[in-house]
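What follows is a set of notes on a single structure, which appears directly below.
The values are calculated or read from the model by the stated rules, or taken from the named source; none is laboratory data. Every value quoted in this text rests on a predicted model; they were computed, and no experiment measured them. Here Cβ is always computed from backbone atoms with ideal geometry, including for glycine, and neighbour counts include all displayed protein chains. Calculation scope for accessible area: heavy atoms of the full protein, side chains included, ligands and nucleic acids excluded. Shrake-Rupley method; radii C 1.70, N 1.55, O 1.52, S 1.80 Å.
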Amino acid sequence: QVHLVESGGGLVQAGGSLRLSCAVSGSAFSINGMGWYRQAPGKQRELVAVISSPGITAYADSVKGRFTISRDNAKNTLYLQMNSLKPEDTAVYYCNAEDDSRGYWGQGTQVTVSS
C-alpha cells in the first residue's frame, strides 16, 4: 500500500509562484511513475506533469516552460514548482503514484490564482 499526502496549495496572484509537495509513505520502494493532475470546477481531471522512476519528465502543453516536476527519492517526496501562474491554473491538484499493480491518489490540494 502507498499513501500520498499533498501540501503547498493556496491563494496566489497571477504571475506568482507556488511549490506543491507530495509526501509518500508505505511501500514507496514499489513506485514506478508519479505525476500531478488537476481538476477545475466542472471539468475533468487532467494530467499536468509526470516523472518516471529514472527521472524522465513530460508536461501538458498548457504548463510547459512554467511548471517543473521533480522527485526526491531519499525523502520520498514529489514536487511541482509552479511559476508564472495564471487564473486558468486554478484547480484542485492531485498527486498520483503507480506501482506494478495499481495507481494511488492523494486527497488533493487547492490552488487558486487571482487575476
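With the simple spin-label model, which puts each label point 7 Å out from Cα in the Cβ direction, the His3 to Ser114 separation comes to 3.5 nm.
Can you give the percent of C-alpha pairs in region 1-95 whose distance is more than 22 Å? Looking at region 1-95, the distances longer than 22 Å represent 25 percent of pairs. Multiplying the residue separation of Ala60 and Ala74 by 0.36 nm and removing their Cα-Cα distance gives an extension gain of 2.4 nm. Ordered from highest to lowest accessible area with the whole protein assembly present and a 1.4 Å probe, Asp99, Asp72 read as Asp72, Asp99.
With R₀ set to 25 Å, the beta-carbon distance separating Gln81 from Gln44 gives a calculated FRET efficiency near 0.55.
Of interest is the spacing of the C-alpha centroids, which for region 40-63 and region 70-100 amounts to 8 Å. Assuming charge only on the beta carbon of Lys and Arg (+1) and of Asp and Glu (-1), the dipole of the chain about its Cα centre is about 200 debye to the nearest 20.
Our summary gives the chain a relative contact order of 37 percent, counting only alpha carbon pairs under 8 angstrom and 6 or more residues apart. Cα extents for region 51-115 along the principal axes, largest to smallest and rounded to whole angstrom: 41, 24, 22. Here Lys43 is the anchor, and the aspartates and glutamates within straight C-alpha reach of less than 18 Å, apart from those fewer than 8 places off in the same chain, are Asp61, Glu88, Asp89.
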